Amino acid sequence: MRKYPMTPEGHTKLKAALRQLIEVERPTIVKAIEEARAHGDLSENAEYDSAKEKQGMIEARIRDYEAKLALAEVIDPSTLSGDRVMFGAHVTLEDVDTDEVVTYQLVGSEESDIKAGRISIEAPIGRALLGKEVDDEVVIQVPRGRRTLVITDVEYK
């Protein structure tokens with residue numbers, strides 16, 4: 001059975017998103033369906049069709065979040081250490097060609113947010129970094145071609 005690694009912060013956010021769906025969005029859409037049903041003929045009722053479709057999407061998200069939480073493997077990066085890149089690591093990389101320096105944290109797919117510097121361990125760059133150490137070179141295929149990056153630091157915080 002597949003586990004979903006996530007940080008404590010990611011686990012908390014996913015639980016909050018599930019609670020929002022169950023306690024706010026689900027009752028709201030049920031009310032919208034009742035109101036649309038009260039308008040009469042359901043066969044030509046666009047409000048009813050739209051509300052039922054939205055209800056289906058909400059229920060699917062609820063099932064997805066519940067499954068991921070049930071299979072969650074919460075890993076606190078602050079309890080980890082070492083020079084090897086693992087889940088939760090903050091990895092500083094330097095581009096060999098441009099000298100550009102970036103830092104990413106490796107997280108689970110539910111928490112990834114490239115703008116916030118969090119990349120999924122399942123993304124190509126995340127997979128390429130796993131198991132590497134400081135001073136290792138990593139070649140990444142990106143839309144603009146290949147980039148060669150050197151790991152300059154690995155931190156767990």
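In the range 100-117, how many residues are of a type in the set (Gly, Ala, Ser) and surrounded by fewer than 15 Cβ atoms within 10 Å (Cβ to Cβ)?
Residues in the range 100-117 being of a type in the set (Gly, Ala, Ser) and surrounded by fewer than 15 Cβ atoms within 10 Å (Cβ to Cβ): 2 in total.
Which of the residues that make up the range 127-157 are more than 21 Å from residue 98 (Cβ to Cβ) and of a type in the set (Gly, Ala, Ser)?
The one that is more than 21 Å from residue 98 (Cβ to Cβ) and of a type in the set (Gly, Ala, Ser): 131.
Any idea which residue in the range 54-112 is farthest from residue 2 (Cα to Cα), counting only those that are part of a strand (DSSP E or B) and β-branched (Val, Ile, Thr)?
101
Give the residue that is nearest to residue 119 (Cα to Cα), with candidates limited to residues of the range 2-26 that are charged (D, E, K, R) and loosely packed, with under 14 Cβ neighbours inside 10 Å. Break it down stepwise before answering.
Just the residues of the range 2-26 that are charged (D, E, K, R), to begin with: 2-3, 9, 13, 15, 19, 23, 25-26.
Applying the additional criterion that residues be loosely packed, with under 14 Cβ neighbours inside 10 Å yields 2-3, 15, 19, 23.
Values: 2: 19, 3: 18, 15: 20, 19: 25, 23: 30 Å.
Only one residue fits best here, namely 3.
It is to be established whether one or more residues within the range 61-70 are assigned by TED's automatic domain parsing to the domain that holds residue 27 and within 25 Å of residue 131 (Cβ to Cβ).
Yes, some residue in the range 61-70 is assigned by TED's automatic domain parsing to the domain that holds residue 27 and within 25 Å of residue 131 (Cβ to Cβ).
Out of the range 26-48, which residues are more than 19 Å from residue 61 (Cβ to Cβ) and at pLDDT 80 or above?
Selection gives 34, 35, 36, 37, 38, 46, 47, 48.
Collect the residues in the range 118-149 that are surrounded by 15 or more Cβ atoms within 10 Å (Cβ to Cβ), more than 20 Å from the chain's Cα centre (by Cα) and modelled with pLDDT of 90 or more, keeping them in residue-number order.
Listed by number, the residues that qualify are 132, 136, 138, 149.
Mind checking which residues of the range 115-141 are free of Cβ contacts under 8 Å to residues at least 40 places away in the same chain and farther than 26 Å from residue 6 by Cβ? Even if it seems obvious, please write down each step before you answer.
Taking the range 115-141 and keeping what is free of Cβ contacts under 8 Å to residues at least 40 places away in the same chain, we get 115-120, 122-128, 135-136, 139-141.
Across the range 115-141, the qualifying residues are 135, 139, 141.
The values are calculated or read from the model by the stated rules, or taken from the named source; none is laboratory data. Since the structure is predicted, the reported quantities are computational estimates derived from the model, not experimental observations. In this analysis, Cβ positions are derived from the backbone assuming ideal geometry, glycine residues included, and neighbour counts consider all displayed protein chains.
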